[in-house]
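A short worksheet on the structure shown next.
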Amino acid sequence: AADQPFGGWRTRQKGTKCCTRDRLEYSMINLCGAVDGADTVVLSAMFSDIARTLGVNPKSLGMLTMTRAALQALSSPVASLLDAKFERRKLIAAGCMLWSAATALLATSVSFPMLFALRALNGIGLGLVPPLLMAYVADSNPAHAHGKAFGWVLLLTSSPLSGEE
């Protein structure tokens, strides 16, 4: 069970280092999913303020969301290629760092090209993280626990708290 963090943690003794680490990892995966959902809708809620501040039209703002989604979709298959060559946890961490850095820097954007570039980087980071997280959840659980593990992840990442509609 030591190699099965999410499905095997219930069979471990509570309070052990391994059990605590597994719950922390599971919590982090769910947090990433919730932030991904929130990130999807936050920009849309701020469109009018961004348009006014940067002097851009709604078409340009729509392009921001389309660009992020396109780059997320295009970089997702790259995650599988990278996963074959590098440690999955490190790839997830790198994707999260790219995603979070781009998201944090979005607040400092002073021009539309800067906002566009950061939103593109945000999409690349988001393209790496979800497929790797799903693979991690699948590999970290025995087959009989997949439904429960994915159920929790999808419940928390698709809930109104995450911003998903």
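The values are calculated or read from the model by the stated rules, or taken from the named source; none is laboratory data. Here the structure is a predicted model, which is why all the values come from computation and not from measurement. To get the accessible areas, we keep the full protein, side chains included, count just its heavy atoms, and leave off ligands, DNA and RNA. Shrake-Rupley method; radii C 1.70, N 1.55, O 1.52, S 1.80 Å.
Counting only protein heavy atoms and using a 1.4 Å probe, what share of the accessible area of the stretch 80-138 belongs to carbon plus sulfur, as a whole percent? About 77 percent, which is the carbon plus sulfur part of the accessible surface. Here the stretch 78-159 is treated as a Stokes sphere of Kirkwood radius computed over C-alpha pairs; at 20 °C and 1.002 mPa s its diffusion coefficient rounds to 153 µm²/s. Probing with 1.4 Å while keeping every protein chain in the model, the per residue accessible area of the stretch 40-133 equals 54 Å².
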